[in-house]
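See below for the structure under consideration.
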Amino acid sequence: MGKQKLASRSFFAVCGFPVDSKMLDSRCPGRRHKDVAQEEGQGPGVGARMKRVTIFLNGTARNGKVVAVYGTLSDLLSVASSKLGIRASSIYNGRGGLIDDIALIRDDDVLYASEGEPFVDSLADGFRGPEEMPGGPTDWLTLNVGGRYFTTTRSTLLSKEPDSMLAHMFRSGDAWGNKQDHRGAFLIDRSPEYFEPILNYLRHGQLIVNDGVNLLGVLEEAKFFGIDSLIEHLEVAIKNSQPAEDHSPISRKEFVRFLLATPTKSELRCQGLNFSGTDLSRLDLRYINFKMANLSRCNLTHANLCSSNLERADLSGSVLDGANLQGVKMLCSNAEGASLKGCNFEDPSGLKANLEGANLKGVDMEGSQMTGINLRVATLKNAKLKNCNLRGATLAGTDLENCDLSGCDLQEANLREVSEKNEDTLFKKSNNCDFRVLCAPVLEFLGLPTNVNQCFVH
């Protein structure tokens with residue numbers, strides 16, 4: 001058949017007749033089917049027409065790759081993945097149409113490869129590359145700082161601090177080693193939260209930091225980028241935001257400003273600080289760590305000190321009348337001569353206040369709610385506990401010498417190891433006390449029969 005085909009073609013050519021492909025098809029039917037199959041991309045045989053297209057990353061119009069189109073759509077996705085360094089799963093045309101059949105692709109088409117995200121117009125304002133911005137290739141820049149996008153001008157980065165690292169990064173066209181993401185934004189692996197105040201400073205020369213942003217973090221970023229003038233501003237701001245380094249007491253105004261600048265979820269540490277004589281009344285001081293702080297002669301009336309840490313703190317001479325002390329930790333604290341009238345130590349959730357080993361000489365705790373309080377080995381010499389609720393309190397080893405317990409409720413209290421010198425206190429100054437359900441050692445100490453379930457001492 002091949003010889004016959006060639007002979008026929010030669011015969012017509014020698015005779016001067018034009019050679020018609022249909023005439024050959026009619027004489028050689030197999031030829032037509034073979035050529036059609038090749039043109040439809042079913043095989044790369046000789047005579048098949050190859051298509052070529054330019055593929056870009058979705059949302060960009062830079063660094064495109066020219067590739068050959070052959071086989072199936074899966075083959076094209078595989079080629080796009082290899083050329084662009086992504087895992088391509090979708091192909092879009094220039095208008096955002098999804099290509100689902102390779103037969104729809106024409107020669108010299110411009111296509112966009114996606115990893116599954118929707119089509120992004122490369123000319124949209126928020127995704128233009130630096131070469132496509134209205135100011136030209138040397139002005140506008142888009143930065144990707146830790147996954148957050150910032151759009152600014154090259155002059156902003158260069159003019160105020162020309163010797164900074166940022167200025168050196170973007171002084172030439174080959175900025176930051178041409179490390180860009182799929183949207184054409186320059187990649188910078190730093191914290192966007194701390195970078196924003198730096199960029200704003202380069203724009204208008206003012207240090208503006210949003211609430212909750214740590215100035216120390218901004219300072220470290222300023223040092224990294226070499227913004228020398230900003231470093232000086234930050235060091236002054238940090239110094240002003242910290243408590244005074246001298247031994248003068250912190251004023252109410254300074255402390256309130258300190259409280260407002262601290263996020264509610266952050267732990268406020270005030271160990272060893274000097275609040276001597278400061279008015280802290282009616283403030284919310286929950287969960288604050290006042291360990292070893294000087295709170296002598298402070299006004300803490302009606303303050304909320306719930307779950308605060310006052311371990312080894314100096315509260316001598318302070319006024320805490322009506323304060324909320326639920327779950328407070330006052331281990332080994334010094335509250336000699338303090339006034340704690342009408343305080344609430346009782347936590348409904350069961351968290352007990354701990355005043356173990358505290359110095360409470362001469363304190364006035366009249367009418368306070370102290371159910372379950374731990375006063376083990378505390379000193380209550382000459383203290384006034386009149387009409388206090390001490391149900392279930394731990395008073396083991398407590399010094400109650402000359403302590404006024406008249407009208408107290410000591411039901412289920414633990415009075416183990418109470419020294420003999422406290423006997424006068426328990427019998428002479430416990431008028432109208434309720435001693436119901438005392439443990440056997442206490443009953444024995446009081447000279448009462450141990451088999452009595454309820455007894456009242458008047």
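Readers should treat all values here as calculations from the given coordinates under stated rules, not as data from a laboratory. Every value quoted in this text rests on a predicted model; they were computed, and no experiment measured them. Positions of Cβ are generated from backbone atoms using ideal geometry, with glycine treated the same way; all protein chains shown enter the neighbour counts.
Quick notes
- The modelled label-to-label distance between ASP284 and THR151, using points 7 Å beyond Cα along the C-beta direction, is 4.0 nm.
- Inter-label distance, nm, simple model (7 Å from Cα along the C-beta direction), GLN369/HIS302: 1.7
- Taken along its three principal axes, the alpha carbon spread of region 277-373 comes to 33, 26, 23 Å, from the longest extent down to the shortest.
- Centroid-to-centroid separation of region 331-404 and region 230-303 [C-alpha atoms, Å]: 27
- Amide proton proximity set for TRP140, modelled H, under 5 Å, gap of 5+: GLY135, ARG154
- Applied to region 325-341, the Karplus parametrisation 6.51 cos²θ - 1.76 cosθ + 1.60 on θ = phi - 60° returns per-residue 3J(HN,Hα) values of 10, 4, x, 5, 10, 10, 4, 6, 6, 10, 10, 4, x, 7, 10, 10, 5 Hz, with x for Gly and Pro.
- Estimated vicinal HN-Hα couplings, Hz - region 298-310 in sequence order (Karplus 6.51, -1.76, 1.60; Gly, Pro = x): 6, 9, 10, 4, 6, 6, 9, 10, 4, 6, 6, 9, 10
- Fully extending the segment from ARG190 to VAL256 would add 20.5 nm, taking 0.36 nm per residue of separation and subtracting the current Cα-Cα distance.
- Projected label points at ILE86 and ASN382, each 7 Å from Cα along the beta carbon direction, are separated by 8.2 nanometres.
- Calculated from backbone phi, Karplus (6.51, -1.76, 1.60) coupling profile of region 110-116 in Hz, x at Gly/Pro: 9, 10, 10, 9, 10, 8, x
- Fully extending the segment from ASN63 to GLU220 would add 53.0 nm, taking 0.36 nm per residue of separation and subtracting the current Cα-Cα distance.
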